[in-house]
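Some notes on the structure that comes next.
The values are calculated or read from the model by the stated rules, or taken from the named source; none is laboratory data. The structure presented is a predicted model; accordingly, all values stated were derived computationally and were not measured. FYI the Cβ positions are ideal-geometry reconstructions off the backbone, even for glycines, and counts take in every protein chain you see. Remember, those area values only see protein heavy atoms, side chains included, never the ligands or the DNA or RNA. Shrake-Rupley method; radii C 1.70, N 1.55, O 1.52, S 1.80 Å.
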Amino acid sequence: MTGIFTGSFDPFTIGHDDIVRRALPLFDRIVIGIGVNEHKKYAQTTEERIENISRLYAEEPKIEVKAYGDLTVDFAKSEGAHYIIKGVRSMKDFEYEREQAEINRRIGGVETLLLFADPQLASISSSMVRELMHFGRDVSEFLP
């Protein structure tokens, strides 16, 4: 069974890593899908994100890392995935992911598996890490 874990992952944080590692026993294969939106400005190139995440999971044969630029449900279908894996840090995240899950199930027949963030990691977000990086702060404790 294949699941996809999707996001911009700019950068991929210890919170993302925690969700992947917790989902790993549930799937035969997890594809980490890096969403690419040409209208969005990223701190890291797509290639850098693929390389960094791939290096992190180099010893895990069940994990693949790929970029995609279409709808998540279409990416799921192209990968043979019936599940989208998402992490939820807050009620705000939950409501957004619930709405996305309903649409993805309706238009693509793909289910969403929500994993709640470890409370110790719930305050870590890619945008927070980017902000700290922008001001020259050391962010190593937030990155795997």
Residue span MET133 to GLU95: 0.36 nm per residue of separation minus Cα-Cα distance leaves a gain in nm of 10.8 nm
Long-range HN-HN contacts of ILE84 with modeled amide H, under 5 Å: ILE4, GLU111, THR112, LEU113
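Let me spell out the model: positive unit charges on the Cβ of Lys and Arg, negative unit charges on the Cβ of Asp and Glu, origin at the Cα centre of the chain. What dipole size does that give, in debye rounded to 20? The partial results should precede the final answer.
Numbers: 18 positive and 24 negative charges, 43 e Å.
Around 200 debye, computed over the chain.
Kindly provide the helix-only [θ] at 222 nm of the chain, computed as the sum of -39,500 (n - 2.57) over DSSP H runs of four or more divided by all residues, to the nearest 500 deg cm²/dmol? Please list the in-between numbers first.
Details: 5 runs with 55 residues, N = 144.
Counting only the DSSP helices, I get -11500 deg cm²/dmol.
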Overall form of the range 3-137 per C-alpha gyration tensor (a/c, 1.5; a/b vs b/c): rounded
Using a 1.4 angstrom probe on heavy atoms only, work out the carbon and sulfur share of the accessible area of the range 49-124 in %. 51
Suppose R0 equals 25 Å; then what is the FRET efficiency for LEU71 and GLU48 from their Cβ-Cβ distance, rounded to the nearest 0.05? 0.55
Quick one: which of 75-83, 128-136 comes out on top by average Cβ neighbours within 10 Å, and what's the full order, highest first? 75-83, 128-136
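Take the Cα gyration tensor of the range 1-44, multiply each eigenvalue by 5, square-root it, and list the three semi-axes largest first, rounded to whole angstrom. Could you put the intermediate results ahead of the total?
Values: eigenvalues 104, 32, 5 Å².
Each semi-axis is √(5λ); the values are 23, 13, 5 Å.
Nearest 0.05, what FRET efficiency do ARG22 and ARG105 give at R0 = 22 Å with Cβ-Cβ as r? Let's see the in-between values first.
On the way: r = 22 Å, r/R0 = 1.00.
The formula returns an efficiency of 0.50 here.
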Under the definition of Cα pairs under 8 Å and six or more residues apart, what whole-number percent is the relative contact order of the chain? 33
Calculate, for the chain, the solvent-accessible area per residue in square angstrom, rolling a 1.4 angstrom probe over the heavy atoms of the protein chains. 58
